[in-house]
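As C-alpha cells, the structure follows; a few thoughts come after it.
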Amino acid sequence: MRLIQIVILSTVLALLATPGFGADPPKFYKDTFPEHALQYKLEAEMALVGENAQLDVKTRELIALGVSAQIPCEYCVYAHTKNAIAAGASEAEIREAVATAAHVRHWSTVLNGMAYDLESFKMEVDEMHDPK
C-alpha cells in the first residue's frame with residue numbers, strides 16, 4: 001500500500017491516481033487544480049495506471065523523471081525520483097534515465113538548431129532499422 005500512496009504523490013504535471021485514491025486527493029491537487037475539473041483529471045490519470053496500463057510503475061516513473069528534468073520542474077523531479085525509488089529503481093537506473101533524457105535533448109538541440117532536413121533524417125533512421 002505504501003507504493004500506491006507514493007505514486008499518488010506524483011508531480012503536478014504527471015500525477016497518477018490509483019484505485020485507493022478515492023474521493024480524497026492530495027491537498028496540492030485541491031489547492032491548485034480547478035475544482036470543477038478535478039474529477040475528470042483524476043479519471044484521466046487513472047487510465048494511465050489502471051488494469052489496462054501497458055507500462056509498469058517503475059518504467060512510468062523513470063520516463064516521468066527524465067521529462068521532469070528536461071522541463072525543468074523541481075516539484076516533478078522530487079516526486080518522480082521518490083516514486084521511482086519506491087517502485088524499485090536503483091540509483092544507476094535513475095542516473096541512466098536522466099542521462100538518456102539529456103541525450104535526447106542534446107540531439108534535438110543539434111538537429112533543430114541546424115535545421116537538418118526531416119525527410120533525410122527519417123530516411124536515415126528507417127535505413128538503420130531496416131538495413132538491406
Tally the residues that are more than 23 Å from Ser90 (Cβ to Cβ) and without any contact (Cβ under 8 Å) to a residue 24 or more places away in the chain, restricting the search to region 51-73. 2
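Please work out if Gln54 is open to solvent by 60 Å² or more (accessible area, probe 1.4 Å) and farther than 30 Å from Phe121 by Cα.
Numbers: open to solvent by 60 Å² or more (accessible area, probe 1.4 Å): yes; farther than 30 Å from Phe121 by Cα: no.
It is false that Gln54 is open to solvent by 60 Å² or more (accessible area, probe 1.4 Å) and farther than 30 Å from Phe121 by Cα.
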List the pairs whose first member sits in region 80-99 and is within 20 Å of Val49 (Cα to Cα), whose second member is polar (S, T, N, Q) and assigned to a helix (DSSP H, G or I), and whose Cβ atoms are under 8 Å apart, counting only residues at least 6 apart or on separate chains? His80/Ser68
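Being under 18 Å from Val49 (Cβ atoms) and in contact with a helix residue (DSSP H, G or I) (Cβ under 9 Å, 6 or more places away or on another chain) narrows it down to one residue among Ala102, Ala69, Ala64; which is it? Steps first, please.
Working: Ala102 fails: under 18 Å from Val49 (Cβ atoms); Ala69 fails: under 18 Å from Val49 (Cβ atoms).
Just a single option satisfies the conditions, and that option is Ala64.
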Here is a list of conditions, (1) under 16 Å from the mean Cα position of the chain (by Cα); (2) on the phi > 0 side of the Ramachandran plot, and Ala115 meets all of them except one; can you say which number that is? (1)
Here are some residues: Ala101, Ala69, Ala47, Ala86. Which one is open to solvent by less than 50 Å² (accessible area, probe 1.4 Å) and under 23 Å from Asp24 (Cβ atoms)? Ala86
Tell me which residues, restricted to region 120-132, are of a type outside the set (D, E, K, R) and assigned to a helix (DSSP H, G or I). Ser120, Phe121, Met123, Val125, Met128, His129
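The values are calculated or read from the model by the stated rules, or taken from the named source; none is laboratory data. From a predicted model like this one, the values you see are computed outputs, not experimental measurements. All Cβ positions, even for glycine, are placed from backbone atoms using ideal geometry, and neighbour counts span all protein chains on display. When the accessible area is computed, the model is the full protein with side chains, heavy atoms only, and any ligands, DNA or RNA have been set aside. Shrake-Rupley method; radii C 1.70, N 1.55, O 1.52, S 1.80 Å.
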